[in-house]
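These notes concern the structure reproduced below.
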Amino acid sequence: MDYVIPAPPVAAVPVRGGGLFPVRRIFCVGRNYAAHAREMGHDPDRDPPFFFTKPADAILTGGADMPYPPATKDLHHEVELVVAIGLGGANIPAADAASHIWGYGVGLDMTRRDVQGEAKKLGRPWDMGKGFDHSAPIGELVRAAELGKYETGHVLLNVNGSERQSGDIADMIWSVPEVISILSGLVRLEPGDLIFTGTPEGVAAVKPGDVLEGLISGLPPLRTKIAG
Ligand code: MN
């Protein structure tokens, strides 16, 4: 049977050295660094990991400008390590998680903080605070095999050349293998899934004209400018 409207294009992330990684779904971990959980008013010791999603076509690649989204006056940056899943599975033990990882990249979980805050207050879903158009700028992916054991690495976000966020992958409350294990107990992970693994402290607002640079050790830098 033919599609009755044109099939949507496949969202894809460029890979360092060539090729494209097709994106199936985007999962994000909330509050995965203790200092960020505290700055958002939560106790990092008591909260288990939780997840939200963005549409696959929320990715923004190639260093393109990010349009300032509608319906917000408080657009925040959250720089995050992104894990790209190459091998699917359900109920993946943490000890086996590495075999499911295709690669890594630098991502921005851009957030309409005022919209998210209103949703929190009213007990409503976060989707419109988190999953809006172009809300997931992402840099080139790197194959896990090229990075070796990847458990530490500086995570940095600069805005107009000034440091805003700084942390280390090693400071995650829930490690990448634990995140994969827990998430795969909630949904079956599939090739093409991306996992944004949470952000260190220092989240703050940006405005049109700002240039954001996300840097994580071993990965290509992510650069985007907020367009008006
Ligand atoms: Mn986030």
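The values are calculated or read from the model by the stated rules, or taken from the named source; none is laboratory data. Because the structure is predicted, anything quoted here is derived from the model rather than measured. When we count neighbours, we look across all protein chains shown, and the Cβ atoms used for this are built from the backbone with ideal geometry, even at glycine. Only protein heavy atoms, including side chains, enter the accessible area calculation; ligands, DNA and RNA are left aside. Shrake-Rupley method; radii C 1.70, N 1.55, O 1.52, S 1.80 Å.
What to note about this one:
- Our estimate of slack between Asp47 and Lys73, defined as 0.36 nm per intervening residue step minus the Cα-Cα distance, is 6.5 nm.
- Shown in residue order for the range 62-74 are the 3J(HN,Hα) couplings computed by the Karplus curve 6.51 cos²θ - 1.76 cosθ + 1.60 at θ = phi - 60°: x, x, 5, 5, 9, x, 5, x, x, 6, 9, 10, 8 Hz (x for Gly and Pro).
- Residues of type aspartates and glutamates that Lys225 reaches as a straight line, Cα spacing below 20 Å, ignoring anything fewer than 8 places off in the same chain: Asp57, Asp65, Asp74, Glu78, Glu80, Asp109, Asp133, Glu140, Glu163, Asp210, Glu213
- Efficiency of FRET from Cβ geometry, Lys120 and Glu163, R₀ 22 Å, rounded to 0.05: 0.20
- Cut-off under 5 Å, modelled amide H: who pairs with Asp65 long-range: Lys225
- Whole-Hz couplings from phi, Karplus 6.51/-1.76/1.60, listed for the range 5-15; x for Gly and Pro: 10, x, 5, x, x, 7, 5, 8, 10, x, 10
- Sites listed here are chymotrypsin sites (Phe, Trp or Tyr not before Pro) in the range 1-67 whose DSSP assignment is loop and whose Cβ has at most 12 other Cβ atoms within 10 Å: Tyr3.
- Considering only Lys149, Lys130, Lys54, the Gaussian network model of the chain with Cα springs below 10 Å gives its largest mean-square fluctuation to Lys149.
- For the range 10-80 versus the range 109-125, the gap between their alpha-carbon centres in whole angstrom: 14
- Taking a straight Cα-Cα cut-off under 30 Å and skipping sequence neighbours fewer than 8 places away in the same chain, the lysines within cross-link reach of Lys121 are Lys54, Lys73, Lys130, Lys207.
- GNM remark for the chain: springs join alpha carbons under 10 Å apart, and the peak mean-square fluctuation among His77, His154, His36 falls on His154.
- The range 12-227: C-alpha gyration tensor shape, a/c 1.5 cut-off, then a/b vs b/c: rounded
- Among Ala35, Ala98, Ala119, residue whose mean-square fluctuation peaks in a GNM of the chain (springs only between Cα atoms under 10 Å): Ala119
- Surface share of carbon and sulfur [accessible, 1.4 angstrom probe, percent] for the range 12-227: 52
- Loop sites in the range 29-71: trypsin sites (Lys or Arg not before Pro), DSSP, at most 14 other Cβ within 10 Å: Arg46
- Applying the Karplus relation 6.51 cos²θ - 1.76 cosθ + 1.60 with θ = phi - 60° to the range 144-150 yields 3J(HN,Hα) values of 4, 4, 7, 9, x, 5, 10 Hz, where x marks Gly and Pro.
- The slack in the chain from Arg16 to Arg38, taken as 0.36 nm per residue of separation less the alpha-carbon distance, amounts to 4.4 nm.
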